[in-house]
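Reading through the structure tokens given below for one structure.
Read-outs: derived from the displayed coordinates by stated rules, not from any lab. As the structure is a computational prediction, the values presented were derived from the model and not from experiment. Glycine gets a Cβ as well: all are built from the backbone with ideal geometry, and neighbour counts include every protein chain shown.
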Amino acid sequence: MNEERKWQRMLGPVWRRMRLLVSRGVLKLVDDAQSLQSVQVTLLGESPAWAERFQSYGLTSNPHPGAEGIVASVGGARAHLVAIAVDDRRYRLASLKTGEVALYDDLGQSVHLTRDGIVIKGAGLPLAFVECPVVTMDGDLEVAGNVRDHTSTMQDMRGIYNSHNHGGAGPNQGMV
């Protein structure tokens, strides 16, 4: 046996395992019911297989089928796959300036930390603050629509205030 063939025979299994370490895949299904999400992925030229999906602490998502991911084979064994990054080019916000950050979804909702300030887009959906006994703001509040309490609008409150009369000689000041 020649020397080259001997090296190929010896290193062949190592080379095959190294090639299997990291692959690109396409998500087919997501199981978000467990404490660690699982995704079914199709790796290039292979049948779908399940992988544990690791996400950054404090952030979580449930990607659509068709999203793409980077999948690692623990120890080079396809029997133990982990998805280490998942992205979906169909919905990703593009053209951010250097240093900007955004959180977004497939509906067009986003929180964008821009160079000029924070922009929250609701995509026509409501924004709710829940379980917040106090909301504090140290600046002005500008509202384009109505401000309501549980029972009336700001315009209703103006009407009540403006119609109130203490009597006396001086003019009553109305709320504008």
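Quick notes on this structure:
- Estimated dipole of the chain in Debye, rounded to 20 [Cβ of Lys and Arg +1, of Asp and Glu -1, Cα centre]: 1180
- Normalised by the number of residues in the chain, the mean separation of alpha-carbon contacts (under 8 Å, six or more apart) gives a relative contact order of 12 percent.
- Averaging Cα coordinates gives a centre for the range 35-85 and one for the range 115-157; these two points are 39 Å apart.
- Mean ellipticity per residue at 222 nm, deg cm²/dmol - from DSSP H runs of n ≥ 4 across the chain, formula -39500 (n - 2.57): -5000 deg cm²/dmol
- Helix 3-20 and the longest principal axis of the Cα set of the chain meet at an angle near 20°.
- Within the chain, longest stretch clear of exposed GluC sites (Glu not before Pro) (DSSP loop, no more than 15 other Cβ within 10 Å): 47-99
- Couplings 3J(HN,Hα) for the range 101-111, derived from phi with the Karplus relation 6.51 cos²θ - 1.76 cosθ + 1.60 (θ = phi - 60°), are 9, 9, 10, 8, 9, 7, 8, x, 6, 7, 10 Hz, where x marks Gly and Pro.
- For the range 3-87, the share of DSSP beta bridges that are antiparallel, to the nearest 5, is 90%.
- For the range 3-87: relative contact order, % (alpha-carbon pairs under 8 angstrom, 6 or more apart): 30
- Helix 154-163 axis, angle to the chain major axis (alpha carbon atoms, nearest 10°): 10
- Counting only residues at least eight positions apart within a chain, or on another chain, the lysines with an alpha carbon under 24 Å from that of Lys97 are Lys121.
- Compared with the rule-of-thumb size 2.2 N^0.38 Å for a compact globular protein, the range 3-87 has a Cα radius of gyration ratio of 1.28.
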